[in-house]
Each structure stands twice: as structure tokens, then as C-alpha cells.
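The values are calculated or read from the model by the stated rules, or taken from the named source; none is laboratory data. This is a predicted model, so every value here is computed, not measured. FYI the Cβ positions are ideal-geometry reconstructions off the backbone, even for glycines, and counts take in every protein chain you see. These accessible areas exclude ligands, DNA and RNA; they are computed on the full protein's heavy atoms, side chains included. Shrake-Rupley method; radii C 1.70, N 1.55, O 1.52, S 1.80 Å.
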Amino acid sequence: MTKSELFVSVVLVADNCVEKLRKLVEDVSPYLNKSYSDYEIVVIDQKSSDTTEQEMERLLSVYQSIRYIRLAQKVASDVALAAGIENAIGDFVVVLNVDTDSKEIITEFVERGRMGTDIVIGTSKKITSASYRYLRFLSNRLIKSIGYTLPSNSTGSFCLSRRAVNAITESGRFYCKLHMRMANTGYSIGALNYDIPKEKVTKRTVTQGIAETFHHMVFNSTKPLRWMSSLGIMGSALALVFSLYSLLVNLFNDQVAEGWTTIVVFMSLLFMLLFTMLSFFGEYLARLLDDRSDHKEYNIVFEKNSSVMINENRQNVIDDSIQTNTNLSQTGRDK
């Protein structure tokens with residue numbers, strides 16, 4: 001079997017899942033060695049409290065081209081993914097879900113990317129219940145309203161070409177808007193639908209679905225904050241209308257209790273002022289969130305690399321300046 005000259009990075013985010021991580025690394029490493037001349041496995045450890053660190057020490061002494069990066073504290077899933085993407089150096093970066101994915105989809109991801117799709121999102125139709133399916137539909141509608149245009153039913157796995165990675169990470173604080181950056185790179189986006197074995201399907205609850213929806217909306221956009229500002233403006237307008245109504249009632253109705261009009265007008269004007277102030281504060285806060293300074297949201301305790309010598313048959317230098325494989329994503333190694 002001829003190995004591809006592409007450099008493929010596989011990113012795995014581990015959070016107290018040592019057995020699943022061990023099995024996936026033991027499957028993926030020989031598979032990559034068989035399929036690609038150059039590769040790496042980047043493991044991002046969310047400061048797991050199980051035996052992940054000890055198991056990774058063993059894997060580093062057995063398998064080549066593994067980079068183990070342990071974070072100083074557990075961070076949001078988007079930030080952990082961003083840490084893996086930022087530290088990967090391959091022509092294509094494949095992010096796998098440790099809980100559900102298998103080694104075979106790596107090649108499918110890379111082939112779709114090589115044919116010109118810079119961002120390939122893994123999707124699956126496996127939904128655990130009718131209520132969760134309905135919630136997922138509403139969730140997709142909501143997150144699309146903030147400009148989130150990535151394919152629905154995502155499994156959490158995806159593949160990025162090198163130029164897509166560069167576009168996502170080149171400027172600004174992309175950690176809080178990772179998926180929005182992916183959606184707005186301007187490069188082609190496609191979905192790779194694949195089946196997840198029934199035994200690996202994680203049962204999702206309605207509560208988890210709601211939490212995910214709010215996370216995507218708040219973590220990836222300032223639009224919800226601006227929606228609240230709009231509600232504040234509407235509230236101030238309603239307060240003004242009510243104060244005018246109370247004045248009209250006082251003018252045309254002699255049965256109004258003494259002092260009622262004054263109290264209502266005073267309270268309405270105060271609420272109008274309060275809602276207006278909150279609207280302005282919300283808008284300024286949204287602008288600050290959009291323009292905040294560039295700094296990392298994660299800290300690395302240490303990074304360890306495989307202690308195994310690289311296979312002598314693997315070479316970074318190719319014999320022929322023209323590759324036989326077509327790469328429409330133009331990562332730079334085939335120009």
C-alpha cells in the first residue's frame with residue numbers, strides 16, 4: 001500500500017476517559033503509520049483526575065509521533081478544541097470524538113478535504129429520543145439565527161485544511177468563537193455523514209441539549225446580548241406608553257385616587273430610564289466582547305512527546321517534486 005505524502009494531525013480531547021483514549025490511540029497510531037508518511041496524534045488532557053497521565057506515559061514509550069499536552073485546568077470544550085487545533089502542525093487537522101469515533105473515518109475526512117472541502121463536519125442521524133429530536137430542531141433554528149451555518153447533527157468531529165486552520169487562528173481571540181470562525185472563513189464547508197455504532201451512542205438528555213444550545217449561542221456570538229438590549233428598549237417604550245396612559249386616565253376620569261397618577265408616571269419614567277441604561281450597557285458590553293484583547297484562555301502544565309524513534313521509512317523529504325495525489329485544498333506541500 002502506497003502511503004500518502006500528506007501530513008495529517010489527529011487531535012483527541014481527553015476528559016477522564018482513560019480506557020477509551022487508550023483504545024483509540026492503540027487503533028489510530030498503527031492506522032496512521034500505515035496510511036501516511038507523516039502524521040501526529042495530539043492529545044489534549046483536560047486535567048483528568050483518573051490515570052490518564054500514567055497511561056499516556058506508557059503510550060508515549062510504545063507509539064511514535066504522539067504529543068501529550070496537559071492543561072492546567074479544565075476549560076470549555078471549545079477552548080480545549082482550540083488548544084488542539086492551534087498546536088497541530090499537519091496539512092489536515094482531524095478532530096475525533098474519543099467517545100464515539102473510530103480510526104476509519106480519518107481517511108474519509110482527509111479525502112473529502114483533499115478534494116477541495118476545507119472544512120468537513122462529521123454528522124450523524126443517531127438521535128436518542130423523539131423529544132431530543134424535536135429539541136435538536138429548535139436548537140438548530142436558534143443557533144442558525146446568530147450566523148452559525150455549520151451542518152446540523154454534528155458529532156463533534158471535523159477536519160480542517162491547513163489554510164482553514166490559519167484563517168481561524170491568525171487573528172483575534174478565536175477561542176470563544178471557534179465554531180463561528182469556522183463558519184465564516186469563506187472556505188468551502190461540507191458534511192460527512194457516518195454511522196455511530198449503537199453501543200457507542202451517548203444518551204443525551206433534554207437538559208444537556210438546552211445547555212448546549214445556550215453554550216453555542218453565548219459562547220459564539222454577542223447577538224443574544226444585543227437581543228436583550230432590544231428587549232430593554234421595548235421595555236422603556238412600554239413604560240413611556242403606560243405613563244402617558246395614566247396621564248390620560250387622570251384627565252378624563254374624576255374617579256382616580258389621589259396621588260395615583262403621580263406615582264404611576266414617576267415609576268414608569270424610572271423604569272424607562274432603567275431599561276434604556278441597560279440597553280446601552282448591553283451594547284457597550286457586546287462591543288467590548290467583540291474587541292477584547294488577544295490572549296490564551298488555556299494554560300499548559302507540560303507537553304511530552306513520544307520517546308520511540310521514528311520509523312526509518314518515514315521521510316519528510318520526498319523524492320519527486322510532483323506528487324501523484326491531487327490536493328484541491330492547496331495546503332502548500334503540493335505547489
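Ignoring ligands, DNA and RNA, what percent of the 1.4 Å accessible area of segment 35-99 is carbon and sulfur?
Numbers: 880 of 1860 Å².
The nonpolar share, carbon plus sulfur, comes to 47 percent.
For the pairs K3/K74; K3/K47; K20/K304; K223/K304; K74/K304, note any where the Cα-Cα span goes beyond 30 Å.
Table pairs above 30 Å Cα-Cα are K3/K74; K3/K47; K223/K304.
Just the ratio, please: alpha-carbon radius of gyration of segment 40-115 over 2.2 N^0.38 Å, N its number of residues. Before the final figure, lay out the partial values.
On the way: Rg = 13.3 Å, N = 76, 2.2 N^0.38 = 11.4 Å.
Compactness ratio reported: 1.17.
Taking square-rooted eigenvalues a ≥ b ≥ c of the alpha carbon gyration tensor, is segment 1-74 rounded, prolate or oblate, where a/c under 1.5 means rounded and, failing that, a/b exceeding b/c means prolate?
Prolate is the answer for segment 1-74, as a/c is 1.5 or above and a/b outweighs b/c.
On the full set of protein chains, 1.4 Å probe, figure out the accessible area of F271 and give it in Å² to the nearest 10.
Its heavy atoms expose roughly 100 Å² to the probe.
What is the extension gain from E303 to S77, computed as 0.36 nm multiplied by their sequence separation minus the C-alpha to C-alpha distance, in nm to one decimal?
The E303-S77 span can extend by a further 79.4 nm.
Would you mind calculating the gained length between L285 and N184 on full extension (0.36 nm times residue separation, minus the Cα-Cα distance), in nm to one decimal?
On the way: separation 101, 0.36 × 101 = 36.36 nm, distance 2.25 nm.
Going from the current span to full extension adds 34.1 nm.
Give, in nm to one decimal, the length gained when the segment between N153 and E108 is fully stretched (0.36 nm per residue of separation minus the Cα-Cα distance).
14.4 nm
Probe of 1.4 angstrom, ligands and nucleic acids ignored: what's the accessible area per residue over segment 8-65, in square angstrom?
35
Sort the following peptides by mean Cβ neighbour count (other Cβ atoms within 10 Å, averaged over residues), highest first: 150-160, 239-249, 70-80, 95-105.
150-160, 95-105, 70-80, 239-249
Let a ≥ b ≥ c be the square roots of the eigenvalues of the Cα gyration tensor of segment 47-87; is it rounded (a/c under 1.5), or, if not, prolate (a/b larger than b/c) or oblate?
Note, shape of segment 47-87 comes out oblate.
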